[in-house]
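Reviewing the structure listed below.
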Amino acid sequence: MVRTTDEGGSVHDEFERFVEASGPRLLTTAGLLTRERQLAEDLLQVTLLKTWSAWPRITTSPEAYARRTMVNTYVSWWRRRWNNEEPSEELPEAPTEHPDTDRNLDLRSALARLPRRQRAVIVLRYYEDLTEAAVAELMGVSVGTVKSQTSKALSRLGIDPALGAEAMEVSR
Amino acid sequence: MRIDDLTRELQAQAEETRSWPMPAAPSPVRIRHHRRQAVLVLVSAVAVAAIVGLPQLLDRDTTSGLPATGRPSAASSPTTVPQWHEWTALRCPSRTRHTCAVPWILQVHAGRYSSGTGARQPVVEGTVTSRDLKVRLHGPPRGRLVLVGAIRPGPHSRLMARIGDADPVRVEEHLALLWLPRSRGPIDVWVTEEGVPAHQESLVIEEYRPVENTGG
């Protein structure tokens with residue numbers, strides 16, 4: 001798809017329309033990646049700034065460009081800022097009689113402990129519903145890398161101690 | 001645990017984010033306004049320099065070839081240092097973090113810059129002490145800045161930075177923002193610490209690229 005640009009200074013309006021239309025979806029993706037509102041806002045802000053900076057050069061879907069920028073920013077910034085990272089917070093062990101709720105808490109906790117790249121792959125594959133090839137293109141890696149990262153992530157989710165005995169039974 | 005459970009969990013997390021309000025988006029109009037401000041600041045600075053400096057220039061003792069301050073002139077130095085009051089952190093890694101010493105986005109005069117390549121090195125890690133850090137920066141250097149120094153340094157820490165083949169410069173206030181010189185190839189940036197290291201100290205090199213764009 002080729003994005004058309006209006007003449008006469010309406011590029012600003014076009015960008016603002018893009019933010020209005022795509023911003024909530026991008027914030028959702030940022031929230032899934034970072035799991036924290038403040039970090040998600042930071043990630044979205046930087047993504048939009050970079051997107052605006054490249055706006056005249058974007059010839060395909062701006063949202064696809066922004067999503068690619070967001071994922072790569074997330075993976076690279078968080079990797080570089082390892083010194084700033086804090087340990088994943090353990091979710092409170094709320095007493096409950098519902099095994100499904102326990103399982104969801106375990107899964108959420110395990111997801112929170114995934115390395116950044118693996119989490120990004122999981123979000124793109126199983127929330128954004130992208131194909132392996134699309135994820136590879138978006139992240140700038142090979143399909144083989146996406147496959148291996150997905151496999152490792154699913155494996156971690158399956159054998160994570162936080163998943164408890166039930167998961168161990170399933171994985172056997 | 002099945003893929004369906006994973007999908008449902010991701011959808012549940014996504015649903016939670018939908019209640020979050022959208023943060024203020026970067027406004028192209030505002031960015032453009034900054035650019036206009038930059039022009040005004042530049043014109044004002046030139047006017048002030050002309051008014052203040054012209055009489056001194058006319059009265060200057062031309063028998064001495066040395067600059068009055070003893071500092072290297074801008075032409076001989078590859079970098080100039082924006083003073084602390086000349087730049088502002090606009091976006092930090094997180095407002096919940098305890099420091100904004102190394103922001104994601106900063107503003108120097110009227111220009112806005114976003115962090116790019118960078119690295120951090122704890123000075124003390126167990127029994128190992130690492131007192132220098134080097135990062136190789138690639139890409140066109142036009143308009144790029146680099147923040148060098150250390151965060152949480154000790155009171156007796158002395159920091160030096162070097163960019164490419166230029167002479168080392170003393171890092172005042174533990175962090176300094178330097179302009180990258182024009183160079184066709186990659187540029188190496190070093191930061192070195194002397195003196196007494198602190199346990200929480202980390203050496204920092206962070207590159208910043210301009211993000212301003214009028215969009216047409």
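No value in this document is a laboratory result; all are computed from the given coordinates. As the structure is a computational prediction, the values presented were derived from the model and not from experiment. When we count neighbours, we look across all protein chains shown, and the Cβ atoms used for this are built from the backbone with ideal geometry, even at glycine.
Among the residues of A:24-34, the average count of other protein chain beta-carbon atoms within 10 Å of the residue beta-carbon is 4.
A Förster radius of 35 Å combined with the Cβ-Cβ distance from B:Glu125 to A:Val143 puts the calculated FRET efficiency at roughly 0.40.
Backbone amide hydrogens, once placed in the peptide plane, bring B:Arg112 within less than 5 Å of B:Val211, B:Glu212, excluding anything fewer than 5 places away on its chain.
The modelled label-to-label distance for the pair B:Glu16/B:Asp188, using points 7 Å beyond Cα in the direction of Cβ, is 4.7 nm. Here the 3J(HN,Hα) profile of the range A:109-115, calculated from phi with Karplus coefficients 6.51, -1.76 and 1.60 at θ = phi - 60°, is 5, 5, 4, 5, 8, 5, x Hz, Gly and Pro shown as x. Once you order the gyration tensor axes a ≥ b ≥ c over the Cα atoms, which shape class does the range A:11-84 get: rounded for a/c under 1.5, otherwise prolate or oblate by comparing a/b with b/c? In terms of gyration-tensor shape, prolate.
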